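Some notes on the structure that comes next.
The values are calculated or read from the model by the stated rules, or taken from the named source; none is laboratory data. None of the values given here were measured: they were computed from a predicted structure. Positions of Cβ are generated from backbone atoms using ideal geometry, with glycine treated the same way; all protein chains shown enter the neighbour counts. Ligands, DNA and RNA are excluded from the accessible area calculation, which covers all protein heavy atoms including side chains. Shrake-Rupley method; radii C 1.70, N 1.55, O 1.52, S 1.80 Å.
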4 protein chains.
Amino acid sequence: MNLNYLRDTQDPNQSTQTVDEERRNFLTAGLVGGALAAGALVAGGAQAQQATKATDPWWPHPKWGKDDQAGASNWITPAKVLDSAKWIKDGKIYRVGRVYDSGMPFYGKRTFQIRITPVAASFGTNKLVGHDEFVATEIGQTGTQFDGLGHIGVQTGNEGDLKEVRFYNGVTEYDMIDAYGLKKLGIENCKPIFTRGHLFDIEGLKGRMMEVGEEIKLADVRAALQKQNMKEEDIKEGDAFFFNTGWGKLWMKNNDKYNSGEPGIGLEVAKWVIDKGAVMTGSDCWATEVVPNPDKNLVFPVHSELIPKNGIYNHENLDFTGLIADGKYQFVYIFSPAPIKGATGSNGGPIALT
Amino acid sequence: MNLNYLRDTQDPNQSTQTVDEERRNFLTAGLVGGALAAGALVAGGAQAQQATKATDPWWPHPKWGKDDQAGASNWITPAKVLDSAKWIKDGKIYRVGRVYDSGMPFYGKRTFQIRITPVAASFGTNKLVGHDEFVATEIGQTGTQFDGLGHIGVQTGNEGDLKEVRFYNGVTEYDMIDAYGLKKLGIENCKPIFTRGHLFDIEGLKGRMMEVGEEIKLADVRAALQKQNMKEEDIKEGDAFFFNTGWGKLWMKNNDKYNSGEPGIGLEVAKWVIDKGAVMTGSDCWATEVVPNPDKNLVFPVHSELIPKNGIYNHENLDFTGLIADGKYQFVYIFSPAPIKGATGSNGGPIALT
Amino acid sequence: MNLNYLRDTQDPNQSTQTVDEERRNFLTAGLVGGALAAGALVAGGAQAQQATKATDPWWPHPKWGKDDQAGASNWITPAKVLDSAKWIKDGKIYRVGRVYDSGMPFYGKRTFQIRITPVAASFGTNKLVGHDEFVATEIGQTGTQFDGLGHIGVQTGNEGDLKEVRFYNGVTEYDMIDAYGLKKLGIENCKPIFTRGHLFDIEGLKGRMMEVGEEIKLADVRAALQKQNMKEEDIKEGDAFFFNTGWGKLWMKNNDKYNSGEPGIGLEVAKWVIDKGAVMTGSDCWATEVVPNPDKNLVFPVHSELIPKNGIYNHENLDFTGLIADGKYQFVYIFSPAPIKGATGSNGGPIALT
Amino acid sequence: MNLNYLRDTQDPNQSTQTVDEERRNFLTAGLVGGALAAGALVAGGAQAQQATKATDPWWPHPKWGKDDQAGASNWITPAKVLDSAKWIKDGKIYRVGRVYDSGMPFYGKRTFQIRITPVAASFGTNKLVGHDEFVATEIGQTGTQFDGLGHIGVQTGNEGDLKEVRFYNGVTEYDMIDAYGLKKLGIENCKPIFTRGHLFDIEGLKGRMMEVGEEIKLADVRAALQKQNMKEEDIKEGDAFFFNTGWGKLWMKNNDKYNSGEPGIGLEVAKWVIDKGAVMTGSDCWATEVVPNPDKNLVFPVHSELIPKNGIYNHENLDFTGLIADGKYQFVYIFSPAPIKGATGSNGGPIALT
């Protein structure tokens, strides 16, 4: 996600009309302009209350400690790897990442550009020639993207105060910002993921593609567990959670709709995922979470719960087609981020192994 | 590798002095200007003869067929994965890729640039902020890089004739070239690698860092096998071969020397690797092969043998420090390239699992 | 223009249907796929004959000599500057270049990307802060673009033979190509333009925006001269020629239509411009020439006549709104290209001064 | 200049030793880490006092008004152009900008990258081919660079508070920041420069290249005026001021020294320039101002005086060789920035016309 060019006003005097206009702009432009009129808080439910805790310190991390920068990837210990490897049964590899292509849907104004350099004269009696590609892109935030801990933070103080913009473990924007790569929480701190993955096929459960703004509820997750012959008690700490909504069918078929919002989990399932000790989440959508959120006051609240507050990673724009075709809902998930110093995320080629 | 800006003259009247000057330029500039005076061919030995076969058709590929674009990654079948997985014994993951950093040594004029975009206003009552990175680089050819089949070809006809510049399976430059991504042989065609890896620690064998231009001979490889308590007959088709020369100790410590050439395998070991049915090679150097080649007429001849002629991949700028410290020379090697459409290679985070 | 990803078949057996399909693809995609069925040549008129001279040597340049790389910018001598400066009468500067913006229409897959880097800590007791932008773009071929002599060439021999791809003064692709900047004919060789500009307002003449594929004929140019109270005999060698079609009204208003083709000059006016000794042409379109050309066998024939064969520059995507509003059709045209070593063109801020 | 990755501590308890270390780092790394020990203020003279006014509001601009975004370029009126044009006497154009090349010296980690895309198949019976370049760079801050009003600001409140980072006319970072281009004060707001330029050849005056940290004093400027047969009273409002130090002789000859600091003007001459009503300054150095400043507490104080406080532009890395060879110290200076929306500066091809 890139939220830099969006603007949310906290002005309590802002009229509802303006709010609605911003909402409409969001729906047409595929961007998020979650706006707030002070009065709207009255209507806020459980989620809104959770959101109002935004400024409560979530650091230091109770399990990984105050200096940790690896977050939930710390779950991936040798014991965890060995236990996960038990799920390698038929040796089949599923590529669950998408091909990187300039025609992909992009969030906001992000881009993916590739240019090939030319072949010219040959070298040696072996007459060798070669050429390269040149890529310019938000590398951790385009296509199949793995959100790192430097991507999302929370303004915990006054608007515009970089010393009170907090990320995972309380790291401030002021301390980590650098034009040439984040000084802290770069994706190079994330340990390779080799764990047990659970796929919840909500599209399959509902028998249809989910729609924009449609939230995956915990009841849906549990129904999917049952339908897929899985047991909630089999889920272990450090496992990965994936959600299939059907939204991915729009990929490069209807990019405008794909970008217009998405179905996904809300704070209810996010809390469940946190309680289970997830290493990461993932989905066939661009944010994994429902957009817009049913609580209009909240903007990507699942992101702010999972990433800065709990150090849980998120893999976006995945493709579970092959797994679902084969009825494979549990697998070894393998993804080792490209350790790009100071990056907010990583590209790559995630695989599910059965 | 990028060879575009280099120029090799085939002019038989070129004086030896010019050749030597080009060689010196290469040694000081860290680039390769392998030059040839016609008379020099007299001195050519076995390798030169191999090189003179440059224009013999190597296509269609006898095992993978005329339309194949996946090359040696076809070795990675479910059976191969299951067999490889037997080597998962202690669950330890070794990161064998290097951190991507603008201060890395680069071949020629390649670059790796990262810029962070700014955080601004927050969104929603959850006060979320976010930022991205923007990367501009030869993504498949900088840092830890995985050479794909669209990277290296051979001029099989007249200089400058794109219809006789051939890559793997005989694909011509004329048919694959496109400013916005190769139309054939892009890295997205490579299947994920999950195989048995064998590491030959030649630095350990010799008790010292190898030097620029020093070739790893087959006798060295066999001596390393013995020293490391490994057996040549245990090597199977589809395995991966890694060579540690010690050259990697120069990484970001002495980039000029690192780029000035390198130790590595020559055509002798390359032929052995091909005969063994390798899926890929790799090393702690930037080309895996000895540079300059002992036969001065040849420029990156191992590249032209492995990649276009045999479809074998090559992983460069790896780091085996952790594996060697633990005495681990055999492991499961896992690397799933980022499927960048039309790219010549891939970045990523390769791991060795024991 | 970028034509790399387009493919024109010369196969005389190609069916007309395929040709028509390519044409339709062009019209919908905004790209040019000028196709040729051998039989179609029968219908070719004067232009086609001119086009069939494609392979006749046009080098060395009869006026500027065999080693020249500056082309028609050689017209800009001190005497020419002094004579042009006589047209400075009221001191008014018109900005005739457009603002560079990522939302501009682009030819094919070109792009213009800008990212801002963040402000962080301040420096010194003066508490200075700063930030930069990072731009990634086809710098000489996006937005208001000034085509240089390394941009367009002609295949004078067999398809795919780089030794017979010729540019201005006969320079071959084989001799100039380099992944990191053209070795010859880079835009740094162009001398600053300070000359007399003549604007032909064909939109004003016709009382409407011209349409896609509508050619500006010499009769139109002469009618515009008369309507604008200008005399053909006042045109001097080294002057610049500008054409207003109205097409520019679509800029960032209807990019799809803007890119779908354009009105502009054809070979008739191009020949007249060459005969007059033009230093450059320019227009409010993206190619200055009519697209598609009325002769379906020709693809950007004005480009191949002006640039490689005559060394005449071309400024695209200009905006004459201010000049026309003030009835100013003659002015001093000032454009000094950014001397980007080895680039095919230049961005910048051209001005007309009256 | 890019200062984002630098850190200046305001800690009054910081030891002098640390300060000196930072200074040494600056001298070796070519970056600026102007540091401050509270006690050092005692030694501060007139400049330091000027610097302590950093937080006094300098907005709205007394002459151009509170909403102005064009700054000193407002001086360039038709009357000014006409008056300047009187200096066109011999019609000679001097290119005073440098060639853009990846081998240029860069401030900090900035870069200039150019890649050429390949020629492939030809089009039409006219057999046209073409190719482009792709450039990735801090376009307004590399090579010959024209600093705009969005480049430099001042922290007028607490460190890290974006609402108290002020630029020209008091615009705050919080209001202008956007990942995809500044929302205010972008270089597209600058009017084209066509004015009278005065060159002060201090190298010529002193008979030697000036040295790093050597300040051009007002006495030097006046001595140069006399030596060059120019009169101070001939300088008019809206004129441009250029300083030749000889430092430019290091360009691409000794980049390390070139970047290690530079000679240039200090606050004394800056004040004089402001009083004269300059539209812009320029030099053959990378910052025009003396680095490090003789007052160790100040970091680029001339930048913070000229740009945010007075809206005066600055052209860096110019080359006056041709002008000085011809003894031309007064000329028409023509530079029209590329109107890149939201950029901090511009590349281009500035010219001096006599």
Scanning the range C:172-221 residue by residue, those among the hydrophobic types (A, V, I, L, M, F, W, C) and in a strand (DSSP E or B) turn out to be C:ILE193, C:PHE194, C:LEU199, C:PHE200, C:ILE216
Would you please list the contacts, defined by Cβ atoms under 6 Å and residues six or more apart or on different chains, that run from a residue in the range A:137-152 that is farther than 17 Å from B:GLN113 by Cα and among the charged types (D, E, K, R) to a residue that is at pLDDT below 95 and crowded, with 24+ Cβ neighbours inside 10 Å?
none
Considering only the range B:33-81, state which residues are within 8 Å of chain A (Cβ to nearest Cβ), in a helix (DSSP H, G or I) and at pLDDT 95 or above.
B:PRO78, B:ALA79, B:LYS80, B:VAL81
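Just to be sure before I move on: is B:LEU162 more than 7 Å from every other protein chain (Cβ to nearest Cβ) and of a type in the set (A, V, I, L, M) in the structure I sent?
Working: more than 7 Å from every other protein chain (Cβ to nearest Cβ): no; of a type in the set (A, V, I, L, M): yes.
Criteria not met by B:LEU162.
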Among the residues of the range D:234-241, are any within 14 Å of another protein chain (Cβ to nearest Cβ) and in contact (Cβ under 8 Å) with a residue 40 or more places away in the chain?
yes
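Which of the residues that make up the range B:165-185 are within 9 Å of chain D (Cβ to nearest Cβ) and either modelled with pLDDT under 95 or under 17 Å from B:LYS341 (Cβ atoms) (or both)? Even if it seems obvious, please write down each step before you answer.
Restricting attention to the range B:165-185, the residues satisfying the condition of being within 9 Å of chain D (Cβ to nearest Cβ) are B:173-174, B:177-180.
Passing the criteria: B:ILE177, B:ASP178, B:ALA179, B:TYR180.
Which of the residues spanning the range A:264-301 are touching a Ser or Thr at 6+ places or on another chain (Cβ under 7 Å) and without any contact (Cβ under 8 Å) to a residue 40 or more places away in the chain?
First, pick out the residues of the range A:264-301 that are touching a Ser or Thr at 6+ places or on another chain (Cβ under 7 Å): A:264-265, A:273, A:279, A:281-285, A:288, A:297-298.
Answer for the range A:264-301, where residues must be touching a Ser or Thr at 6+ places or on another chain (Cβ under 7 Å) and without any contact (Cβ under 8 Å) to a residue 40 or more places away in the chain: just A:VAL273.
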Could you go through the range C:120-143 and let me know if any residue there is modelled with pLDDT of 95 or more, open to solvent by less than 10 Å² (accessible area, probe 1.4 Å) and more than 7 Å from chain D (Cβ to nearest Cβ).
yes
Scanning the range D:190-226 for residues that are open to solvent by 10 Å² or more (accessible area, probe 1.4 Å), touching a residue at least 40 places away in the same chain (Cβ under 8 Å) and among the small types (Gly, Ala, Ser), which turns out farthest from the other protein chains (Cβ to nearest Cβ)?
D:GLY204
Collect the residues in the range A:95-115 that are farther than 17 Å from B:ILE334 by Cβ, facing chain B (nearest Cβ under 7 Å) and open to solvent by 20 Å² or more (accessible area, probe 1.4 Å), keeping them in residue-number order.
A:VAL99, A:ASP101, A:SER102
Is there any pair linking a residue in the range D:82-94 that is without any contact (Cβ under 8 Å) to a residue 60 or more places away in the chain and facing chain C (nearest Cβ under 7 Å) to one that is surrounded by fewer than 19 Cβ atoms within 10 Å (Cβ to Cβ) and in a loop (DSSP other than H, G, I, E, B), with Cβ under 6 Å and at least six apart or on different chains, and which?
D:LEU82/C:GLY91
Can you list residue pairs whose Cβ atoms sit under 9 Å apart, with the first residue in the range C:325-354 being more than 10 Å from chain D (Cβ to nearest Cβ) and the second being among the polar types (S, T, N, Q) and assigned to a loop (DSSP other than H, G, I, E, B)? Count only pairs 6 or more apart in sequence or on different chains.
C:ASP326/C:THR354; C:GLY327/C:GLN228; C:LYS328/C:THR354; C:TYR329/C:GLN228; C:TYR329/C:ASN229; C:GLN330/C:GLN228; C:GLN330/C:THR354; C:PHE331/C:THR354
So which residues in the range C:160-188 are farther than 23 Å from D:ILE114 by Cβ and open to solvent by less than 30 Å² (accessible area, probe 1.4 Å)?
C:GLY160, C:GLY170
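Can we say B:ALA287 is out of contact with any Gly (no Cβ under 7 Å at 6 or more places or on another chain) and not charged (D, E, K, R)? First the steps, then the outcome.
Working: out of contact with any Gly (no Cβ under 7 Å at 6 or more places or on another chain): no; not charged (D, E, K, R): yes.
For B:ALA287, the condition - out of contact with any Gly (no Cβ under 7 Å at 6 or more places or on another chain) and not charged (D, E, K, R) - is not met.
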Only one of these is of a type in the set (A, V, I, L, M, F, W, C) and under 20 Å from C:THR77 (Cβ atoms): C:ILE307, C:ILE351, C:ILE274. Name it.
C:ILE274
I'm checking my understanding of the structure. Among residues of the range A:271-306 that are more than 25 Å from A:ASP101 (Cα to Cα) and touching a Leu at 6+ places or on another chain (Cβ under 6 Å), which one is farthest from the other protein chains (Cβ to nearest Cβ)?
A:TRP272
Can you spot a residue in the range B:130-140 that is small (Gly, Ala, Ser), closer than 18 Å to A:SER304 by Cβ and in a loop (DSSP other than H, G, I, E, B)?
no
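Condition first: open to solvent by less than 10 Å² (accessible area, probe 1.4 Å) and more than 7 Å from every other protein chain (Cβ to nearest Cβ). Now tell me which residues in the range D:146-159 satisfy that. Walk me through it before giving the result.
Initial filter on the range D:146-159 (open to solvent by less than 10 Å² (accessible area, probe 1.4 Å)): D:146-155.
If the condition is that a residue be open to solvent by less than 10 Å² (accessible area, probe 1.4 Å) and more than 7 Å from every other protein chain (Cβ to nearest Cβ), then D:PHE146, D:ASP147, D:GLY148, D:LEU149, D:GLY150 are the ones that fit.
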Exactly one condition in (1) modelled with pLDDT of 95 or more; (2) in contact with a helix residue (DSSP H, G or I) (Cβ under 7 Å, 6 or more places away or on another chain); (3) crowded, with 18+ Cβ neighbours inside 10 Å is false for C:SER84; which is it?
(2)
